Amino acid sequence: MRLRVDRDRCIGSSNCVVVMPDVFDQDEAEGLVQLLDDSGAGHDEDALHDVAYACPAQAIEVVEGG
Ligand code: SF4
């Protein structure tokens, strides 16, 4: 499993950062999402899917098998 984020879609709502601050961050300049760990290691896969689902910009993708 791998995580991908699309900074062109991100609207900087912070939802992902609030829920999983050790996986997601926002850059200081634009407030757009940054991945701290694209493996999602140590996190429940369902929780990662929930974060992706909750993103208002559909900017987070959980890629199976990667
Ligand atoms: S939840 Fe989505 S829109 Fe909000 S900061 Fe994270 S990636 Fe960006």
Q) Taking N as the number of residues in the chain, what value does Rg over Cα atoms divided by 2.2 N^0.38 Å take? A) 0.99
Q. When the accessible area of the chain is computed with all protein chains present and a 1.4 Å probe, what percentage of it is carbon and sulfur?
A. 45
Q: Note the full-extension length gain between residue 47 and residue 28 as 0.36 nm times their separation in residues minus their Cα-Cα distance, in nm to one decimal.
A: 4.3 nm
Q. Got the relative contact order for the chain handy, in percent, Cα pairs under 8 Å and 6 or more residues apart?
A. 47
Q.
To the nearest 20 Debye, how big is the dipole of the range 2-63 about its Cα centre, given +1 on the beta carbon of each Lys and Arg and -1 on that of each Asp and Glu?
A. 180
Q) From a point 7 Å beyond the Cα of residue 36 in the direction of its Cβ, which residues of the range 3-19 have a backbone N at a distance under 13 Å? A) 16-19
Q.
Need the C-alpha centroid separation for the range 36-66 versus the range 1-32, integer Å.
A. 11
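The values are calculated or read from the model by the stated rules, or taken from the named source; none is laboratory data. Small disclaimer: the values here were computed from a predicted structure and weren't measured. Note: ideal-geometry Cβ built from the backbone for every residue, glycine included; neighbour counts use all protein chains shown. Please note that ligands, DNA and RNA were not included when accessible areas were found on the heavy atoms of the full protein model with its side chains. Shrake-Rupley method; radii C 1.70, N 1.55, O 1.52, S 1.80 Å.
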